[in-house]
Number of protein chains: 4
Amino acid sequence: MTTETDNAAFSWPVRVYYEDTDAQGLVYFANYFKFMERARTEWVRSLGIEQDRLLEEERRCFVVASTDAQFIRPARFNDQLQVTVRMLRRTRVSFLIEQDIFRDDELLCSGTVKVAYIDSDTHRPARLPQMLSEGRET
Amino acid sequence: MTTETDNAAFSWPVRVYYEDTDAQGLVYFANYFKFMERARTEWVRSLGIEQDRLLEEERRCFVVASTDAQFIRPARFNDQLQVTVRMLRRTRVSFLIEQDIFRDDELLCSGTVKVAYIDSDTHRPARLPQMLSEGRET
Amino acid sequence: MTTETDNAAFSWPVRVYYEDTDAQGLVYFANYFKFMERARTEWVRSLGIEQDRLLEEERRCFVVASTDAQFIRPARFNDQLQVTVRMLRRTRVSFLIEQDIFRDDELLCSGTVKVAYIDSDTHRPARLPQMLSEGRET
Amino acid sequence: MTTETDNAAFSWPVRVYYEDTDAQGLVYFANYFKFMERARTEWVRSLGIEQDRLLEEERRCFVVASTDAQFIRPARFNDQLQVTVRMLRRTRVSFLIEQDIFRDDELLCSGTVKVAYIDSDTHRPARLPQMLSEGRET
């Protein structure tokens, strides 16, 4: 991976509904990964990329190659959260981002996601769209 | 719809995990529909139909056209449930089944599902596989 | 049920993410029920009711007693939807609403939901908050 | 963390249903974490621990403190998978396990999960049940 870093964090609001919680009364751990993907999708959209068109017209899609997360404090039913996206590193065919989940100023969950860009038919690596491969240092 | 009825109920076990529950401590209502589909999938498999092959080789799939459910008593985390499938009516291109969810002898949820068989490319109705269109009265 | 009707429809936007779709390329049928509940939660919030406080302070919660839905046309990945809530009937302890899901002016899914208000400890019916039991005819 | 290692892997079967897949035609990445938890729950049950009783009678529960996963090859609709659990390390109040997901002999996903044992009321660390804290070297 190359080492340029983009410190501008994108942020997206997520409300916690019953569907997101479990019988411990808290957000079910695997659902934080869904929240992160919602923010990631909106971040990609903010760069001008609509993934449905990408899939239909160019047969390209993003896939999660690996991820990790630390669950620091629990989110609860009805909480209003903010989910951030921060570019850490990128190559020609993948990028690594940090995603944090906050309730007000409190950090609840912190993770990284390595996203690969692939040909949806062959599942081979594809060259990232310019919007994502260009540095946006701040 | 024609009126033949198949009274032989197929039954499939489902265990309730944390992923299925919500902050009220019970199974989240929309997840009962997932349990019903698992049983429906296994029932179709028991008739000799593998839906992945159907989709890839014949470009055919089942879709839920309509459904309803009554939530009578709640299922809880760690419960062992049984989900039944009973054919109520069928036409050449769809069928209506009843699906009940039990914990031991206690009925927790009862619903019906109208399943249509379609061409996955055109989304037009397709003629049901013989296994499903043939009467199996008991 | 009494027969007063409230024709004012509340509407809430829902974006379709990958988490909501399935291998047929469309929104997974059970997830429409989640979309309906998100709109229902926001409608209840718009009436001044925060369900987390209700549960903690008054030990009361809403539960789905029964539901039905017709899946008319499929929603797809990345679609922007609108989900409506329209009061049909209410009693002292429950209400029946209609919920429709639109993509632009196209009706994709139409359902009804009977919601009961209960004591979260005893699971017995409880009298609806005034905000919900009062008629809001238009 | 102490360094004793338990090499005996527990394995649990998981079938992929439509609910688990997304519009890319593959298992949605966050759902692999659900599959891992199902296997984890059954592994804990195999040690004699029923988590619903634990929560009700002792006010204790397991929570995921952190997790990571590499998605090596995709699982597809209708696949029959095996999910393993292997103890890596444990302390008095938490343990670290490795969980792999296989289709036949093919490794699809590999992850680790750090599970903490807590008091469900105070959310403070609690001492692990003897079944889990005892070494089971092989």
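Tally time: how many residues in the stretch D:74-97 are more than 9 Å from every other protein chain (Cβ to nearest Cβ) and more than 22 Å from A:I72 (Cα to Cα)?
Within the stretch D:74-97, the subset more than 9 Å from every other protein chain (Cβ to nearest Cβ) is D:75, D:80-97.
After this cut, where a residue has to be more than 22 Å from A:I72 (Cα to Cα) as well, the list is D:75, D:80-87.
Within the stretch D:74-97, residues that are more than 9 Å from every other protein chain (Cβ to nearest Cβ) and more than 22 Å from A:I72 (Cα to Cα) number 9.
Which of the residues spanning the stretch D:11-38 are among the hydroxyl-bearing types (S, T, Y) and part of a strand (DSSP E or B)?
Correct list: D:S11, D:T21.
Which of (1) open to solvent by less than 60 Å² (accessible area, probe 1.4 Å); (2) at pLDDT 95 or above; (3) within 10 Å of chain D (Cβ to nearest Cβ) is the odd one out, the single condition A:Q24 does not satisfy?
(2)
Looking at this structure, is C:R59 basic (K, R) and away from chain B (no Cβ under 14 Å)? So that I can check it myself, show each step before the final result.
Details: basic (K, R): yes; away from chain B (no Cβ under 14 Å): no.
When the stated conditions are applied, C:R59 does not pass them.
If you scan the stretch D:65-77, which residues turn out to be touching a residue at least 40 places away in the same chain (Cβ under 8 Å) and either open to solvent by 10 Å² or more (accessible area, probe 1.4 Å) or assigned to a strand (DSSP E or B) (or both)? Steps first, please.
Of the residues in the stretch D:65-77, the ones touching a residue at least 40 places away in the same chain (Cβ under 8 Å) are D:65-71, D:74-77.
Result: D:A65, D:S66, D:T67, D:D68, D:A69, D:Q70, D:F71, D:P74, D:R76, D:F77.
When you go through C:R86, C:R92 one by one, which is the residue that is of a type in the set (K, R), open to solvent by 30 Å² or more (accessible area, probe 1.4 Å), in a strand (DSSP E or B) and more than 19 Å from C:T21 (Cα to Cα)? Reasoning before the result, please.
Details: C:R92 fails: in a strand (DSSP E or B).
Only one candidate qualifies: C:R86.
Within 8 Å of another protein chain (Cβ to nearest Cβ), open to solvent by less than 20 Å² (accessible area, probe 1.4 Å) and of a type in the set (S, T, Y): is that true of D:Y17 in this structure? Step through it out loud before you land on a result.
Numbers: within 8 Å of another protein chain (Cβ to nearest Cβ): yes; open to solvent by less than 20 Å² (accessible area, probe 1.4 Å): yes; of a type in the set (S, T, Y): yes.
Considered against the rule, which asks whether it is within 8 Å of another protein chain (Cβ to nearest Cβ), open to solvent by less than 20 Å² (accessible area, probe 1.4 Å) and of a type in the set (S, T, Y), D:Y17 comes out as yes.
For the condition more than 9 Å from chain A (Cβ to nearest Cβ) and at pLDDT 95 or above, what is the one hit in B:F29, B:F33?
Details: B:F29 fails: more than 9 Å from chain A (Cβ to nearest Cβ).
The match here is B:F33.
Only one of A:R136, A:R127 is modelled with pLDDT of 95 or more and open to solvent by 50 Å² or more (accessible area, probe 1.4 Å). Can you tell me which?
Working: A:R136 fails: modelled with pLDDT of 95 or more.
Exactly one of A:R136, A:R127 is modelled with pLDDT of 95 or more and open to solvent by 50 Å² or more (accessible area, probe 1.4 Å), namely A:R127.
Based on what the data block shows, is A:F62 in a helix (DSSP H, G or I), at pLDDT 95 or above and under 24 Å from D:R73 (Cβ atoms)? Outline the logic, then answer.
Working: in a helix (DSSP H, G or I): no; at pLDDT 95 or above: yes; under 24 Å from D:R73 (Cβ atoms): yes.
For A:F62, the condition - in a helix (DSSP H, G or I), at pLDDT 95 or above and under 24 Å from D:R73 (Cβ atoms) - is not met.
For residues that are touching a residue at least 40 places away in the same chain (Cβ under 8 Å) and within 12 Å of chain A (Cβ to nearest Cβ), scanning just the stretch D:38-53, find the one that is nearest to D:R127 (Cα to Cα). Full working, then the answer.
Of all residues in the stretch D:38-53, those touching a residue at least 40 places away in the same chain (Cβ under 8 Å) come to D:38-40, D:43-44, D:47-49.
Restricting the remaining residues to those that are within 12 Å of chain A (Cβ to nearest Cβ) gives D:38, D:40.
Values: D:R38: 23, D:R40: 19 Å.
It comes out as D:R40.
Return the residues of the stretch D:89-111 that are under 12 Å from the mean Cα position of the chain (by Cα) and within 16 Å of D:V64 (Cβ to Cβ); say none if nothing qualifies. Spell out how you get there, then give the answer.
First pass over the stretch D:89-111, keeping only residues under 12 Å from the mean Cα position of the chain (by Cα): D:95-101, D:110-111.
Hits for the stretch D:89-111 are D:F95, D:L96, D:I97, D:E98, D:Q99, D:G111.
Which count do you get for residues in the stretch D:95-124 that are within 23 Å of A:L26 (Cα to Cα), open to solvent by less than 70 Å² (accessible area, probe 1.4 Å) and acidic (D, E)?
Of the residues in the stretch D:95-124, 1 are within 23 Å of A:L26 (Cα to Cα), open to solvent by less than 70 Å² (accessible area, probe 1.4 Å) and acidic (D, E).
Tell me which of these D:V44 doesn't satisfy, since it passes every other one: (1) open to solvent by 10 Å² or more (accessible area, probe 1.4 Å); (2) more than 16 Å from D:F102 (Cβ to Cβ).
(1)
The values are calculated or read from the model by the stated rules, or taken from the named source; none is laboratory data. What you see is a predicted model, and the numbers here were worked out from it, not measured in a lab. Using ideal geometry, Cβ is built from the backbone for each residue, glycine included, and neighbour counts are taken over all protein chains shown. For the accessible areas, the whole protein counts, side chains as well, though only heavy atoms, and no ligand, DNA or RNA atoms are used. Shrake-Rupley method; radii C 1.70, N 1.55, O 1.52, S 1.80 Å.
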